[in-house]
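Heads up, the thing below is written out as structure tokens.
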Amino acid sequence: MTDPSVTQRVEQLRALLTRYNREYYELDAPTVPDAEYDRLFRELQALEQQHPELSHSHSPTQKVGSAPLDAFTQVQHEAPMLSLDNAFSDEEFNAFSKRVNERLDTAAAVTYCCEPKLDGAAVSLLYEDGKLVRGATRGDGQVGEDITSNVRTIRNLPLQLQGDYPARLEVRGEVFMPVKAFADYNDKALAAGEKTFANPRNAAAGSLRQLDSRITAQRPLHFYAYGMGVVSAEQVLADSHYQRLQQLSDWGLPISAEVKQVSDAEGCSAYYQDILQRREQLRYEIDGVVFKVDNIKQQQDLGFVSRAPRWAIAWKFPAQEEMTVLHGVDFQV
Ligand code: NAD
């Protein structure tokens, strides 16, 4: 029988994380730092692994994001928009890359695509005959919110593709607020006695989920693509994730200049160190880097678990802030 104190702690953690998810995803107003959320999430994951009898499909460890708000029209994603598993150390990244080799049943080096982990909000953009016809949030991964009129206001996001694009193309990427634009926005808001944002991530997510797109239009949002969802004419697509990002770029979609292909897991570690050192100089906030098995056939062989692909991992940076002020409350990280 499970120790009642363990059951109680699991219930307590689930209740806490459910509340934090709502504050973060639905209200765009978190009350705890991400590092604290991550710590509690991992504690719950560990307890569920040690006590499989307590596992539950409704646990926050099995879910992505949060349900869409009723105020928006709902969009059913044709392919789910998932989360990413996390690594917080060399050991955890090495364990991931070892699992990849084992699952692929190969001792050969695996090529990875390395990308900055942009700290904003995930969006799905649907292009039909080259025209942007729909924008949606990730929501709970299955159903998102229709934010078409809002994404249309993002200046570096093309309304019309160029070149030899597929007739139907779903692009996935991140909407974010560059650091300088965020600081300028908050300065102006403060001077005008308006609401300021706690950080660029909340500014981006909050600006994107406005019911009035004229408000979104006034916010300095940017977009970078990092993948594809459903695509007609799969045959035109490259068999490497890195090359697919170059194809998106050829069709007019902005991608980060920091995207890089490396030939093995050691290349990933070097990329992590390099970006960590240059973190402060980047125009946008990142909370880590993402590594994706580059070969699409290998990605398909690896597949997914409930909330994340097995072929990718986010290697998170150490928490940056010693003390962050969120909505007037101080938090020690
Ligand atoms: P995640 O942020 O760990 O990773 C998945 C997301 O990464 C994707 O949805 C996408 O938006 C983003 N991403 C950025 N760059 C990417 C790239 N190059 N390729 C692919 N994806 C990229 O997962 P999540 O499920 O969105 O959120 C979980 C995290 O959010 C937690 O680890 C925590 O840090 C934070 N969170 C905080 C609170 C809080 O109360 N402070 C609450 C909930 C979640």
Where q = 0.14, 0.22, 0.29 Å⁻¹, what log10 of I(q)/I(0) comes from the Debye formula for segment 4-63, counting one point per Cα?
-> -0.37, -0.84, -1.27
Where labels lie 7 Å past Cα in the beta-carbon direction, separation of Ser149 and Lys131 in nm | 1.8 nm
Would you mind calculating the relative contact order of segment 74-325 from Cα pairs under 8 angstrom and at least 6 residues apart, reporting the percent as a whole number?
-> 31 percent
For the chain, with +1 on Lys and Arg beta carbons and -1 on Asp and Glu, the positive-most of Val290, Asn101, Pro220 along the dipole = Pro220
Would you grab the residues whose amide H sits under 5 Å from the one on Ala87? Only those 5+ places off in sequence or on another chain, please, with H modelled 1.01 Å from N.
-> Ala314, Trp315, Lys316
Of Lys63/Lys297; Lys260/Lys297; Lys180/Lys260; Lys63/Lys316, which sit over 21 Å apart, Cα to Cα?
-> Lys63/Lys297; Lys180/Lys260
Once fully extended, how much extra length lies between Ala15 and Glu53, figured as 0.36 nm per residue of separation less the alpha-carbon to alpha-carbon distance?
-> 11.9 nm
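What net charge do the residues around Gln300 carry, taking every other residue with its C-beta under 15 Å from that of Gln300, with Lys and Arg at +1 and Asp and Glu at -1?
Numbers: positive: Arg103, Arg244, Lys292, Lys297, Arg310; negative: Asp105, Glu234, Asp239, Asp294, Asp301.
After counting each charged neighbour, the total is 0.
If a/c stays under 1.5 just call it rounded; otherwise compare a/b with b/c (prolate if a/b is bigger, oblate if not). Do that for segment 237-299, with a ≥ b ≥ c from the square roots of the Cα gyration tensor eigenvalues. Walk me through the numbers on the way to the answer.
Numbers: a/c = 2.78, a/b = 1.28, b/c = 2.16.
It comes out oblate by the Cα gyration axes.
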Roughly how big is the chain's charge dipole about its Cα centre, with Cβ charges of +1 (Lys, Arg) and -1 (Asp, Glu), in debye to the nearest 20?
-> 640 debye
For segment 254-262, take each phi angle, set θ = phi - 60°, evaluate the Karplus expression 6.51 cos²θ - 1.76 cosθ + 1.60, and give the result in whole Hz per residue in order, putting x for glycine and proline.
-> x, 10, 5, 6, 8, 5, 9, 9, 10
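A short reminder: the numbers here are calculations on the coordinates, not readings from a lab. Everything numeric here is computed off the predicted structure, so don't read it as measured data. FYI the Cβ positions are ideal-geometry reconstructions off the backbone, even for glycines, and counts take in every protein chain you see.
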